[in-house]
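Scroll down for the structure; my scribbles are underneath it.
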Amino acid sequence: VKEYLSSNGLQNRFHVLSKSESELVNDNKTELEKSKNRRVEIIQDYSTNNFAYESLESDFQEFSISPKQDTLITCKEGTLLKIDQGTFNLVNENSNLTIRVKEFYKKSDFISSNLTTTTSKNDLLESRGMINIEVYQEKKEVQIKDGKTIGVVFKDRKINDGTILFEGVEHNNEIVWNPAGTNTSFSSTESG
């Protein structure tokens, strides 16, 4: 059943539990009762409400920047963010922006944060790193203006290394990854 659902595009992770005779729905004495105990139950649960993930999840790094100037941010794990003046739809022209960033570079980071690497075509990606960026002004989340971008330089990238940038879109409480951006690779030294 699991293989059938996967081959038909169901993109969510599966948990298979075999209960055998431990959870019968009846006394299992007649052939009809036995046939009702030979079953597959499918429970749709997209939540990630496991307390273990909450205790392992990393904290955001916070940066305060002026929206009136170009800014280069260096994050703890080595990610560089280039944010140009006029990138965001502002709440107030004079208030600073709060940039919140989480970096994920190790497989243990992915697992402890319950991250997936599945594309919209149900392909599995090999990730060299992920970041989560949130931007606020006066405690209100702000969005990037149409036609604007944030420059991102991931650590350990090489020119033309074949790495492709993907953007995560939440679908049923799970992130699905789609190719995004210009996907131009630069080393941090060449990009400045």
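The values are calculated or read from the model by the stated rules, or taken from the named source; none is laboratory data. Please read all numbers here as calculations on a predicted model, not as lab measurements. When we count neighbours, we look across all protein chains shown, and the Cβ atoms used for this are built from the backbone with ideal geometry, even at glycine. The accessibility values were calculated without ligands, DNA or RNA, using every heavy atom of the protein model including side chains. Shrake-Rupley method; radii C 1.70, N 1.55, O 1.52, S 1.80 Å.
Remarks
- Among the residues making up the range 116-142, those that are assigned to a loop (DSSP other than H, G, I, E, B) and open to solvent by 40 Å² or more (accessible area, probe 1.4 Å) are Ser120, Lys121, Asn122, Asp123, Leu125, Glu126, Arg128, Glu138, Lys139.
- Some residue of the range 97-108 being within 20 Å of Asn178 (Cβ to Cβ) and aromatic (Phe, Trp, Tyr): yes
- Close pairs (9 angstrom Cβ cut-off, 6 or more residues apart or separate chains): open to solvent by 70 Å² or more (accessible area, probe 1.4 Å) in the range 158-176, part of a loop (DSSP other than H, G, I, E, B) and modelled with pLDDT of 80 or more anywhere: Ile164/Leu125
- Inside the range 94-109, residues that are open to solvent by less than 20 Å² (accessible area, probe 1.4 Å) and touching a Phe, Trp or Tyr at 6+ places or on another chain (Cβ under 7 Å) make up a count of 5.
- Residues that are touching a helix residue (DSSP H, G or I) at 6+ places or on another chain (Cβ under 9 Å) and open to solvent by 40 Å² or more (accessible area, probe 1.4 Å), drawn from the range 143-155: Lys155
Results for (1) at pLDDT 80 or above; (2) out of contact with any Phe, Trp or Tyr (no Cβ under 8 Å at 6 or more places or on another chain), shown as yes or no for each residue.
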position	(1), (2)
Thr119	no, no
Val135	yes, no
Thr149	yes, yes
Asp156	no, yes
Asp161	no, yes
Phe166	yes, no
Asn172	no, no
Thr182	no, yes
